[in-house]
Amino acid sequence: MPAKCKQRERILASGVVDVPTLPLGAVRGALCFRCFEPADKILKCAGCRRAGYCSQACQKLDWIAVHKKQCKVLKIINEEDLKDYSDRRTWADYRRVLIRYGHMIQAMTEVRDTVFVVQAQPYCSGCYRSANQLSHREITLNVCRDCRLLHHCSDCPDSHPKAMCKAYQDQNKIEHFRHGLFENTGKASVIACTEVPRSNYKSFARSEGWYDYYVNISDKAFIKGNTTPDFTSITSTVAKGGPDNKEFEEGRCMFLLFGTDTMTMPLTVIAALEDLQILDLPTIKIHLLGATGREFLAMSCFEEILHVVPSIQCLDIAAVGPSSLLAGQGPSGYAPKYPLPCCPSCQSAGKSRPISAFQGLYHDFAKSPYYEKPDLIVAFNSGFVDGDDANTDWDKSIRLVVESGVPALFTTYNPREAWGEQSKMRRLGARFVVEPGENKWRSLVPMPEFLDKEYEMWHQNYWRYIIKGKQP
Ligand SMILES: [Zn+2]
Ligand SMILES: [Zn+2]
Ligand SMILES: [Zn+2]
Ligand SMILES: [Zn+2]
Ligand SMILES: [Zn+2]
């Protein structure tokens, strides 16, 4: 029985941040909102007709944990959604209302996942009427039997492309694995570091990507020939090896796919150090900007930098951001340097990785007595042009990064964001060392996008670029 998923709010409240969020499969009607298990018949909440459950027991639990507060808000959105009805809408019309509902919900509640329940709702991909609107007109909304996530109404043909169906089937596999992982290990993510530190450096620029990294740079040669290079399925040779073996290899394949979601951070940094030709510095000082839970969660995987770059003795990271988790322990939001534990091999080689944190904005940190000039500034998926905090928080900090002349690595969730940032950087006169482009070390875990382009997937650190100071 899925015990941990059911208790996720309690686990979150105890300070654990690595907890799975509501899966798309639940919002789209295939999984239980409380335990995340599939059920042949999902019982819908009579109030909002959006939340669904495998049993009354799960419904009761969910009502107490979150849904009591959420249901009220969803009912208001349903009313609004009925007012917005029209027989036929375009994707542009549809996404516009979703954005508006998102703002409405944010003003009404802070209950986790409520915006997601609405913005990822089931809808017809032909006429863009929502499940809520169609059910009021007693028009059936059919679900695709293969992916169980994409819908079309009885007035419209099923139009979702084959490739998208496959991508959404992969989503189901990914979510299923995440829930199993959380039940078994208490963690919703994977750290797949190289166990024994390498004695020589192997070029990331010359590496072909993740598969090659796992096999030839890291220590996972055992996957050779067992999985497709994108880790979405095992090879046909392995599939012939009997059901137990197949299941084992499929689990391992997903484990390594999940590994890319955290390891993308240290690997994207290593690739940047190589591009900047500063791999031979014995101490590397990094300022991690806008660091949130995700970065702290993955802090232990940053040891990978010491494991694959033998010349680095000390990896000194300062995490700076308004929601920096370590902060608040020292004076004025500063948490002084603290030696993060290293593995026995690193310890005996005298390697260290101190971390410090500043809870605040980067331009304030730069004025503080704690600021030491870094070798590299890193901002993962900062959204400094498109994000909600773009003008208020980021503008000054980005100007400072450009003025400082320190090399800075930026990543984005998708190409459009990268182009937006590129033009802002150009306006500030920044010099590009690496122009925006697809990041070889992006996470391979695709995340469906609900507001931008229909069916689009985004990735952690999808695109990247590096700047250094200003144009001469
Ligand atoms: Zn359930
Ligand atoms: Zn409800
Ligand atoms: Zn339709
Ligand atoms: Zn499908
Ligand atoms: Zn180590």
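Just so it is clear, none of the values below were taken in a lab; they were calculated from the coordinates. Just so it is clear, the model here is predicted, and its values are computed rather than measured. Neighbour counts are summed over all protein chains in view; Cβ atoms, including those assigned to glycine, are modelled from backbone coordinates with ideal geometry.
Assorted remarks:
- Proximity of backbone amide H atoms, modeled 1.01 Å from N, is registered between Thr227 and Thr235 at under 5 Å, excluding neighbours fewer than 5 places apart on the same chain.
- Gain on full stretching of the segment that runs from Ser233 to Arg145 - 0.36 nm per residue minus C-alpha separation: 29.7 nm
- Cα lying deepest toward the dipole's positive end in region 35-193, options Ala192, Cys71, Thr140, charges on Cβ: Cys71
- Dividing the convex hull volume of the alpha carbon atoms of region 3-181 by its residue count gives 121 Å³ per residue.
- Equivalent-ellipsoid semi-axes of region 261-470, from the Cα gyration tensor, Å, largest first: 26, 20, 17
- Each of Val17 and Lys75 was given a label point 7 Å from its Cα along the Cα-to-Cβ line. The distance between the two points is 3.6 nm.
- Centroid-to-centroid, using Cα positions, region 248-310 and region 213-227 are 17 Å apart.
- Listed from fewest to most Cβ neighbours within 10 Å, the set Tyr94, Tyr53 follows the order Tyr94, Tyr53.
- Rounded to 5, the percent of DSSP beta bridges in region 3-181 classed as antiparallel: 90
- Hydrophobic long helices, here whole DSSP H runs in the chain with Kyte-Doolittle means of at least -1.0 and Cα atoms spread over 20 Å or more along the helix axis, are found at 68-83, 91-108, 243-275.
- The alpha carbon gyration tensor of region 112-232 gives principal lengths a ≥ b ≥ c with a/c of 1.5 or higher and a/b greater than b/c, which makes the shape prolate.
- Over the residues of the chain, the helix contribution to mean residue ellipticity at 222 nm works out to -11000 deg cm²/dmol, using -39500 (n - 2.57) for each DSSP H run of at least 4.
- Oblate is the label for region 408-465. Its Cα gyration tensor axes, ordered a ≥ b ≥ c, give a/c of at least 1.5 and b/c at or above a/b.
- P(r) tail fraction, the chain - alpha-carbon pairs more than 40 Å apart, %: 25
- Cβ crowding within 10 Å, taken as a proxy for footprinting-reagent exposure, orders Trp458, Trp91 from fewest neighbours to most as Trp91, Trp458.
- Multiplying the residue separation of Ala39 and Ala57 by 0.36 nm and removing their Cα-Cα distance gives an extension gain of 5.1 nm.
- Ranking of Thr109, Thr228 by count of other Cβ atoms within 10 Å, fewest first: Thr228, Thr109
- Shape call, region 172-218: gyration tensor on alpha carbons, a/c limit 1.5: oblate
- Computed from label points 7 Å out along Cα-Cβ, the spacing between Lys367 and Asp386 is 3.1 nm.
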